Each structure stands twice: as C-alpha cells, then as structure tokens.
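Some notes on the structure that comes next.
The values are calculated or read from the model by the stated rules, or taken from the named source; none is laboratory data. Worth saying up front: this structure is predicted, and the values here are computed from it rather than measured. Because the Cβ atoms are built from the backbone with ideal geometry, glycine has one as well, and the counts that use them run over all protein chains shown. Each accessible area value is taken on the protein alone, full model and side chains, heavy atoms only, with ligands, DNA and RNA left out. Shrake-Rupley method; radii C 1.70, N 1.55, O 1.52, S 1.80 Å.
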Amino acid sequence: MKVTDDIARLRQEVLKANLDLVRNGLVVWTGGNASARVPGADLLLIKPSGVDYDQLTPESMVVCDLHGNVVEGDLAPSSDTASHAYIYRHMPHVGGVTHTHSTYACAWAARGEAVPCVLTAMADEFGGPIPCAPFALIGDDTIGAAVVETLRTSHSVAVLLQNHGPFTIGKDVRSAVKAAVMCEDVCRTVHISRQLGPPLPILPSDVKALYDRYQNVYGQQQEEK
Ligand SMILES: [Zn+2]
C-alpha cells in the first residue's frame, strides 16, 4: 500500500534529516527537529521529544496527523509538532519543515531583526531578506501562525521567530534541512560583515535575476521537478 511504503521510506529520510541538523552543527543536546509530510495523506513524521540523537532509529520517528495527534509510535513527538502540523495544514506545497536554535540565526532573532539580502547566496536561496516573525509562546498555534503569515509575503524558505530561532520549509525534508544550513551560514556571514561596517544591499532587480536563475537553471536538470 502506497501510504505504508511512503511511511517506511520517510522514517529513513526523517531520521537522516534530523542527524544532518547535528552534522551541520545546528543543534545541541536533544534540541532541533525535522519533519516530513506523508504525500497524499494528512500525516507527518517527526522525531520524538527529548531522545538523544545517537539513540534515534527509523522506528522511533513518530507518525502524527496534521493536528499533532500521534497515529503510530510509542514515544511522544517533538514538543514543536503542533507548529509543524500547522505549517503543513496551511502551506500545501510544503513537504518538509525544520526548527533549530542555531547560533547565528538566534543572534538575529534575539534582536528581532530580518537579515538583509546582501549576499548572492541569499538571493539564490531565499530570494530576498530572511524575515523575522513576531514573538510567540510555544503551546498552541501561535508559532505556526506566525511562521505561515510571515512566509506568505516572502520568497524566503526560512523565517526567524523573534527571541527564539529559525523555522525552515522545503518541498521535502532534505530541502528544509538545506534551508536551515544555508540560513545559519548567511546569518553568520552577514553578522561578521556587520562588525566591519554596513553591508551593501543588492538591487531588487539583481536579487530577482539571481533567484530566478538559481531556482530554475542551477544544478543538474531533471526531467521532473
Ligand atoms: Zn525552539
């Protein structure tokens, strides 16, 4: 059955995505989480809450519905599951989500400041600034709503939550992890640039040209997108 096969495949992919957050230095201890939507089903897979990364297995990934209720699994899902579920409910094109407290992204979030688009790599991946959403407390749909509302008016696949940290989205969980890695990288570079003086903005027409090229032409062309 297709959904069963998809869940089996995604257990491996979601585990790898969560371990990639560690490999890229984006999380400490048991923090951070990556999830994937099950295509064609109102389900997601996410890592369990509070389990050491070296204890995670494909089987320990938790299957939830798109309201965060556990459908399959013995462990409690990540404490951010409700936010991931809200994003999947309201952004049908999103197949993967991450959340971390990566250092430089959090340094921008602590000041509630969007990261200006001053690097071609930012224009490529984010199509403009990385926006900052208002402060929101964990526990209900407030964080998910802040992420969705902020990303709706932006090309960006990353958003900073004020005083908190980044959420990223992608067509699948691997793309969402890539966005998290790129987000931290540009937050670090623009932060360092600021120490030396004000970084120069890139003209909006050049940002658009870079974004269009990277999104449509860059990389190995595939038959299907
Ligand atoms: Zn958090």
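Considering segment 72-86, the residues that are more than 16 Å from Val148 (Cβ to Cβ) and buried (at least 23 other Cβ atoms within 10 Å of the Cβ) include one that is farthest from the ligand (Cβ to nearest atom), namely Pro77. Candidates Cys106, Cys117: the one that is assigned to a loop (DSSP other than H, G, I, E, B) and buried (at least 17 other Cβ atoms within 10 Å of the Cβ) is Cys117. Taken as a whole, segment 72-92 holds at least one residue that is more than 18 Å from the chain's Cα centre (by Cα) and without any contact (Cβ under 8 Å) to a residue 24 or more places away in the chain. Picking from residues in segment 164-173 that are of a type outside the set (Gly, Ala, Ser) and under 15 Å from Thr100 (Cβ atoms), the one that is nearest to the chain's Cα centre (by Cα) is Thr168. Only residues that are open to solvent by 40 Å² or more (accessible area, probe 1.4 Å) and either within 16 Å of the ligand (Cβ to nearest atom) or outside any helix (DSSP H, G or I) (or both) were counted across segment 155-181, and they come to 6. Scanning segment 132-154 for residues that are buried (at least 17 other Cβ atoms within 10 Å of the Cβ) and assigned to a loop (DSSP other than H, G, I, E, B) yields Ala136, Asp141. Looking only at segment 47-58, decide whether some residue is assigned to a loop (DSSP other than H, G, I, E, B) and of a type in the set (Lys, Arg). Within segment 47-58, one or more residues are assigned to a loop (DSSP other than H, G, I, E, B) and of a type in the set (Lys, Arg).
Counting only residues that are assigned to a helix (DSSP H, G or I), out of contact with any Pro (no Cβ under 8 Å at 6 or more places or on another chain) and surrounded by 12 or more Cβ atoms within 10 Å (Cβ to Cβ), how many does segment 188-225 have? The number of residues fulfilling the criteria is 14.
Of these, Val173, Val186, which one is closer than 18 Å to Gly95 by Cβ, modelled with pLDDT of 95 or more and not charged (D, E, K, R)? Of the residues listed, the single one that is closer than 18 Å to Gly95 by Cβ, modelled with pLDDT of 95 or more and not charged (D, E, K, R) is Val173. Annotation: Ala34 fulfils all but one of (1) hydrophobic (A, V, I, L, M, F, W, C); (2) touching a Lys or Arg at 6+ places or on another chain (Cβ under 9 Å); (3) more than 14 Å from the ligand (Cβ to nearest atom); the unmet one is (3).
Scoring Glu184 on the criteria (1) away from the ligand (no atom under 16 Å from the Cβ); (2) outside any loop (DSSP other than H, G, I, E, B); (3) of a type in the set (Asp, Glu); (4) in contact with a strand residue (DSSP E or B) (Cβ under 9 Å, 6 or more places away or on another chain) leaves a single failure, condition (1). The residues of segment 96-145 that are more than 12 Å from the ligand (Cβ to nearest atom), touching a residue at least 40 places away in the same chain (Cβ under 8 Å) and among the hydroxyl-bearing types (Ser, Thr, Tyr), listed by number, are Thr103, Tyr104, Thr120. The condition of being closer than 19 Å to Asp172 by Cβ and open to solvent by 50 Å² or more (accessible area, probe 1.4 Å) holds for Arg89.
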